[in-house]
Amino acid sequence: MARVSAVGRVTRLGEEPAVPIANLAPWKANPRRMPPREAESLRRSLETFGVVARRSDGRVIGGHQRLEALREMGAATVPVQWV
């Protein structure tokens with residue numbers, strides 16, 4: 001389960017350590033846009049999913065909207081699945 005601590009750190013039991021959001025870069029050509037009404041559902045999905053990023057350069061390849069939601073929540077870190 002994901003949780004945002006008082007210092008804005010998101011962690012999940014059994015996952016790799018959370019990564020500073022500043023170390024990740026969204027893919028500018030990402031075609032998905034999130035309507036505001038989907039934001040709450042997305043925030044709930046953070047309990048199950050982090051983001052997927054390339055280890056070589058930190059480029060996010062999955063989870064752009066989750067990353068944006070975490071930024072809006074004031075999180076300093078995010079769980080990452082590296083590829």
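Where a number appears in this text, it was derived from the coordinates with a stated rule and is not lab data. What you see is a predicted model; the values in this text were computed from it and never measured. Don't worry about glycine lacking a Cβ; one is built from the backbone with ideal geometry, like all the others, and counts go over all protein chains shown.
Computed from phi, the 3J(HN,Hα) profile of the range 67-79 under the Karplus parametrisation 6.51, -1.76, 1.60 (θ = phi - 60°) reads 4, 5, 4, 4, 4, 5, 7, x, 5, 9, 9, 9, x Hz, with x in place of Gly and Pro.
Sorting 32, 71 on the 10 Å Cβ count, fewest up front, what's the list? Show your work: numbers first, answer last.
Details: 32 6, 71 16.
By the 10 Å Cβ count, ascending, the order reads 32, 71.
Note that the range 23-28 has calculated 3J(HN,Hα) couplings of 7, 10, 10, x, 6, 4 Hz, one per residue in order, obtained from phi through the Karplus relation 6.51 cos²θ - 1.76 cosθ + 1.60 (θ = phi - 60°); glycine and proline are x. For residue 81, the amide hydrogen comes within under 5 Å of the amide hydrogens of 51, 52, 53, counting only partners 5 or more places away or on other chains and with H modelled in the peptide plane.
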